Amino acid sequence: MRLVRALSFAVLLGALWPQAARAADDVELSATLDRDEIGLDDMVRLEITVTLSSKDTSGDLQLPGFRDFDIVGRAQSEQVSFAFSGGAPTFRRTTVYAISLTPHRAGTLSIEAVRFVYKGHTYVTGAQSVRVLPAGQTPAPKRSRGGTSPRQQLQQEPSEPDPMGDPFEGSRGNPRDLTLRSVVDVERPFVGQQVTWSLWLLARVNVSGIDKLQLPRMDGFWTEEIEAPQQLVGEARVIDGVPMQAFLLRRRALFPLKSGPVAIDPAEVEVLTGMGMLFSRSNVNRKTDVLTLDVQPLPPGAPPGFDHGNVGQWAFNATIEPVGVNAGQPVTLRLQASGRGNLRDLQLPHLPLVQGLRAYDATSTDKTSIEQGKVGGTRTVEQLLVPERTGEIEIPALTLETFDPLARTYKTLRTQPLHVTVGAAQGNVSGGTPGAQNLLAAGGLRPIRLHLTRASAAPPPWTKPWFWPALILGPLLAGVLALAQRLMRLVSIDPTQKKFKLAASAARRRLRGAEALLEKQRSGADASGEFYAEVARALSGYLADKQGVAASGLTRDELAQALMAKGHEKPTVDKLVSVLDECDRARFAPGARSAAAQEAVLQRADQVLLLLDKARKEAA
């Protein structure tokens, strides 16, 4: 009987022992760090892997306190697999928890053990340590710890190349979970060629929003806004084998103004990470590197008449309407250039002097467009022409010299000659066959015939009684008129003369107004555009009132020629034109100017006024 009981107990123990062993093997727990050395402003990723051989998911994962770190992101992934072993199915569920941490201080920091409680059993990992370098030091190249984690095994499948125009092609991956990167499509552009600058936020963690974005100053470029997204829209990117979300923050077109190395200052952003109510949220600061472009000068061999602003791909044509008019009636000459490039710098040719045509000032209209990230548009110049003679008048062909940066060559765009048929003016033609008004009709010359008659001699006028009073009355009236005009000048002031005398004072009052706007900006107000407009008005008003030159109706070259014709020296004129160009650039170009730059413009404007006024007094 005792033998039977012993055998029964042995059989029961043999049946239960595998079950107990399988219960112990139902859970696999591991924890690894992606790096063992980081910088003070970097992140380290802790990956915790829990593998269960049961469909029961009632386990409890207990994270350590992370006393030397902040949690800035969490992610979770899961994989389930079935297999048949010995005719029986087996089940495995692998869950990977990824926790992104930032350190509080430099030194060798410890991450405490992770615990997992499952069916009354507690599983514990070992403690982890990471070396944190002080601020400013760069960590060694990335070294993985603990071999390949199950999460890494799940991500080792090859990825297809991005079919979109990936701006990060050839870029190296960054171990940080958040990276701010600026990229350009052309690193060695020509002067005046468009460079597309894009600012991207690359993320491997959840991004909730942007708290603050500080864009760089674009000194040395003329800028045009292309895209300024109001919402974060992520795009899937694979950079150096690392899947990331790319968020476009800003895209601009840059046109270099000078050759040589030109640096683009860093951009900076405050990123809000986390997932709201479920996980903690925090602000993370990221900054781009300085980006330097090697701007190439335009190649030699520019044709005569080429303007350095005519860079791009342009088309040029000319039309005239109507093609048939009477003498004295106007026609409109229309020049139109369209294409891609910096439309603001494009210079169209001027109509030369045409015999028989009176030309008036031309007007210009710009229509800017952006197509597929390329800036361009259409410039239309219209000029009113009045024929002064009859017959056919030919307007010669006009040429526009340009430089195509894609073809790396100069191109000459030429219009066709235009013809206008001019008839006789209405009301100036007598009956019969009309002839050309500028020609003498046949038989138009006739001899001069004199008809003489006998005239009787009259007594001289001074013998008349009215002669002497009339002779005295003329000078008397002239003296009275002169006295009246003098009295009127004493009691009234000529507005033109008043403007002439007070031009310098009025200009300096405007500059003081601009200085007040500068003080408002230092207090936090946004008055940059008003400041530059006030400085430009001060200089333009002085030129109109004191110098008799209307700057608003002249190009910069014509303004310089007019001032030098009045006796002003070229260095003084160049300083004036430079200040006016700076004001126009600041008023119409995106990007804020610093208070120091505005103060410098104010001082230069004051100096130009002194030089102009001094030259005027010396000439007088």
Amide H contacts under 5 Å for residue 92, placed H, 5+ residues apart: 81
Across 367/566; 258/575; 546/570; 258/520; 367/411, pairs whose alpha-carbon gap is larger than 26 Å: 367/566; 258/520
Nearest-0.05 FRET efficiency for residue 466 and residue 556, computed from C-beta distance (R0 60 Å): 0.40
Per-pair calculated FRET efficiency, R0 = 25 Å: residue 287 and residue 238 via Cβ, rounded to 0.05: 0.55
Inter-label distance, nm, simple model (7 Å from Cα along the C-beta direction), residue 259/residue 372: 3.0
Distance in nm between pseudo-label sites at residue 364 and residue 210 (7 Å out along the Cβ direction from Cα): 3.3
Karplus-derived HN-Hα couplings along the range 32-39 (A = 6.51, B = -1.76, C = 1.60, θ = phi - 60°), whole Hz, x at Gly and Pro: 9, 10, 6, 8, 10, 8, 9, x
Under Karplus coefficients 6.51, -1.76 and 1.60, residue-wise ³J(HN,Hα) of the range 185-191 in Hz, glycine/proline x: 8, 9, 9, 10, x, 7, 4
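What FRET efficiency comes out for residue 526 versus residue 485 if R0 is 41 angstrom and r is the Cβ-Cβ distance? Round to the nearest 0.05. List each step's numbers first, then the result.
On the way: r = 53 Å, r/R0 = 1.29.
Rounded to the nearest 0.05, the efficiency is 0.20.
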For residue 310, residues with placed amide H under 5 Å, excluding near neighbours: 347
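Sort 99-107, 308-316 for me by packing, meaning the mean count of neighbouring Cβ atoms within 10 Å per residue, highest on top. Before the final figure, lay out the partial values.
Values: 99-107: 17.8, 308-316: 20.2.
So the peptides 99-107, 308-316, ranked by packing, come out 308-316, 99-107.
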Set of the range 194-225 residues, backbone N closer than 18 Å to the point 7 Å along the Cα-Cβ line of residue 578: 219-221
Cα-projected label distance for residue 519 with residue 614, points at 7 Å along beta-carbon direction, nm: 2.8
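Would you mind calculating the gained length between residue 329 and residue 60 on full extension (0.36 nm times residue separation, minus the Cα-Cα distance), in nm to one decimal? Before the final figure, lay out each step's value.
On the way: separation 269, 0.36 × 269 = 96.84 nm, distance 9.41 nm.
That pair, residue 329 and residue 60, stretches by 87.4 nm at full extension.
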Share of carbon and sulfur in the accessible heavy-atom surface of the range 260-359 [1.4 Å probe, %]: 53
3J(HN,Hα) from dihedral phi, the range 462-471, Karplus parametrisation 6.51/-1.76/1.60, rounded to Hz, x for glycine, proline: 6, 7, 7, x, 7, 5, 5, x, 5, 5
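The values are calculated or read from the model by the stated rules, or taken from the named source; none is laboratory data. Everything numeric here is computed off the predicted structure, so don't read it as measured data. With ideal geometry, Cβ positions are generated from the backbone for all residues, glycine too; neighbour counts draw on all protein chains shown. The accessibility values were calculated without ligands, DNA or RNA, using every heavy atom of the protein model including side chains. Shrake-Rupley method; radii C 1.70, N 1.55, O 1.52, S 1.80 Å.
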